[in-house]
Amino acid sequence: MVLAAPGMLGNILPQSRLRFHPMLAKALQQRSRAADDFAAWAQALAREWASTRIVCAAHSAVRQLEPGGWHAELTHALSAIRNTLDHHRAQHG
């Protein structure tokens, strides 16, 4: 997702980096390796779509990225949810 300031503030304030939805913990399947499978999927997506320059995030904003920005931002977003994934691993394996 991308957070963008509403209205005129959107012209002044920068958009946020790409991030995963804060409700991800509830979306992960309650099974062993679900967190690992999600992380592997996100890493593959970062690599396979590395040339992506425009992201249209549902219900939020369109984000234009610099070359290499997709991989860098998705990798950062994955790093930002490390605690969520670790907690899921602790509960479900």
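Being among the hydroxyl-bearing types (Ser, Thr, Tyr) and closer than 26 Å to Pro6 by Cα is the filter; apply it to the stretch 43-61 and report the residue that is least open to solvent (accessible area, probe 1.4 Å).
The residue in question is Thr52.
Contact list please: Cβ distance under 8 Å, first residue in the stretch 15-38 and surrounded by 15 or more Cβ atoms within 10 Å (Cβ to Cβ), second residue charged (D, E, K, R), pairs at least six apart or on different chains.
That search, which allows pairs on different chains as well, returns Gln15/Arg63; Arg17/Glu73; Leu18/Arg63; Leu18/Glu73; Ala35/Asp86; Ala35/Arg89.
From the list Ser51, Ser79, which one is touching a helix residue (DSSP H, G or I) at 6+ places or on another chain (Cβ under 8 Å) and among the small types (Gly, Ala, Ser)?
Ser51
Output the residue which, of all residues in the stretch 62-93 that are aliphatic (A, V, I, L, M), under 18 Å from Lys26 (Cα atoms) and surrounded by fewer than 16 Cβ atoms within 10 Å (Cβ to Cβ), is nearest to the chain's Cα centre (by Cα).
Ala80
The values are calculated or read from the model by the stated rules, or taken from the named source; none is laboratory data. Everything quoted here is computed from the prediction, not taken from an experiment. Note that each Cβ is placed from the backbone with ideal geometry, even for glycine, and that neighbours are counted across all protein chains shown. Areas reflect the complete protein model, heavy atoms only, side chains present, ligands, DNA and RNA absent. Shrake-Rupley method; radii C 1.70, N 1.55, O 1.52, S 1.80 Å.
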